[in-house]
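The values are calculated or read from the model by the stated rules, or taken from the named source; none is laboratory data. Everything numeric here is computed off the predicted structure, so don't read it as measured data. Here the Cβ positions follow ideal geometry from the backbone for every residue, glycine too, while neighbour counts run over all protein chains shown. These area figures cover heavy atoms from the full protein model, side chains too; ligands, DNA and RNA do not enter into them. Shrake-Rupley method; radii C 1.70, N 1.55, O 1.52, S 1.80 Å.
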Amino acid sequence: MPLGDDIDALARSAAQGDRAALDALLVEVRPDVLQLCARFLPPREDAEEATVVLTLLRPTAL
């Protein structure tokens, strides 16, 4: 199964409340999120902090 399919399956499971799927999904997308944050927040520390907020803190509020 291509990676995109894996992420889609994880996203579907996470949306249905599967906490393990959410954790796995966040691990999978974290490098991409960090890369995106780094484009908008050039200081590496700022990009890393934004990545933590987006991938770790935000899902717990759902």
Inside the range 23-52, the number of residues satisfying the requirement of being farther than 17 Å from Ile7 by Cα, open to solvent by 70 Å² or more (accessible area, probe 1.4 Å) and aliphatic (A, V, I, L, M) is 1
Inside the range 1-22, the number of residues satisfying the requirement of being over 13 Å from the mean Cα position of the chain (by Cα) and either surrounded by 12 or more Cβ atoms within 10 Å (Cβ to Cβ) or closer than 15 Å to Leu54 by Cβ (or both) is 6
